[in-house]
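What follows draws every value from the coordinates through simple rules; no lab data is involved. All figures in this text were calculated on a predicted structure; none of them were measured in a lab. Note: ideal-geometry Cβ built from the backbone for every residue, glycine included; neighbour counts use all protein chains shown.
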């Protein structure tokens, strides 16, 4: 059995928050050290996704130990691209050291950052990420992005990516069997992401997207006061994100 808790970087109170903060810092140290030992010429290392924006969730085991509920998303900013095969090796090593399912490692050059097109990914990267090593101004390379002008093509991307991962969390029995343990946890996580993708769609169509999941759900309450079911599901999803 375990408990799931949310860690907000702006609010540090109580032992559990300190445990989450300390564990996150330990993992960041492992990631930075592992990448720098493996690759030369890294300009910056960026933590993005839930843990980059300070909304990551944590599992507390019965023995009191905590671990990330989700994967870590890492961007390496480097001038000369690294072969994908080498990244795959270090990705697996870091996941094993940390004790999680996946560490996602992508790479871009500073030139690519300067030319990146407006999207949910680039918006979140610029406004809701954390530089954990190197040039702290690297995210300034990304051009300013107006959330009201994010392309509606993002809706199609959300549909296919979230539906794919939700269905991919099931085995050959699909919805015809009960899930337990880690499989149940993983399915709830993918279901939460699918629900919050619907929230993103509702906000994109009115130009009200925000990088924070918590803020997005609150905006649904204000912009769509009649969608009580969506709001209820969205607030449930935040617990399992």
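Using a basic spin-label model with each label point 7 Å from the Cα along Cα→Cβ, how many nm lie between residue 157 and residue 106?
0.7 nm
Send over the semi-axes of the stretch 2-145's equivalent ellipsoid, whole angstrom and largest first, taken as the square roots of 5 times the C-alpha gyration tensor eigenvalues.
Taking √(5λ) for each Cα gyration eigenvalue gives 27, 18, 12 Å.
Any idea how far the Cα center of the stretch 186-241 sits from the one of the stretch 13-76, in Å?
So the separation of the two Cα centres works out to 24 Å.
Relative contact order of the chain: what whole-number percent is it, with Cα pairs under 8 angstrom and at least 6 residues apart?
On the way: 329 pairs, mean separation 45.6, N = 241.
Once divided by the residue count of the chain, the mean separation gives 19 percent.
Find the Cα radius of gyration of the chain, compare it with 2.2 N^0.38 Å by division, and give the number to two decimals. Intermediate results must be reported in sequence, preceding the final value.
Details: Rg = 18.3 Å, N = 241, 2.2 N^0.38 = 17.7 Å.
Against the empirical 2.2 N^0.38 Å value, I get 1.04 for the chain.
What number, rounded to the nearest 500 deg cm²/dmol, is the helix-based mean residue ellipticity at 222 nm of the chain, given -39500 (n - 2.57) per DSSP H run of at least four residues and division by all its residues?
Mean residue ellipticity, 222 nm, calculated: -16000 deg cm²/dmol.
If you build a Gaussian network model of the chain, linking Cα atoms that sit under 10 Å apart, which residue out of 215, 182, 79 swings the most?
Greatest mean-square fluctuation among the candidates belongs to 182.
Report the gain in length on full extension from residue 80 to residue 122: 0.36 nm times residue separation, minus Cα-Cα distance, nm rounded to one decimal. Present the calculation step by step, with values, prior to reporting the outcome.
Details: separation 42, 0.36 × 42 = 15.12 nm, distance 2.06 nm.
Value of the extension gain: 13.1 nm.
Cut-off 10 angstrom, C-alpha nodes, Gaussian network model of the chain. Which of 231, 196, 139 fluctuates the most?
Residue with maximal mean-square fluctuation among 231, 196, 139: 231.
Provide 214, 177 in ascending order of the number of other Cβ atoms located within 10 Å of each residue's Cβ, fewest first. Could you put the intermediate results ahead of the total?
Values: 214 16, 177 11.
Exposure proxy ranking, most exposed first: 177, 214.
Taking only the alpha-carbon positions of the stretch 148-239 and ignoring solvent, what does the Debye formula give for the base-10 log of I(q)/I(0) at q = 0.11 Å⁻¹?
-0.35
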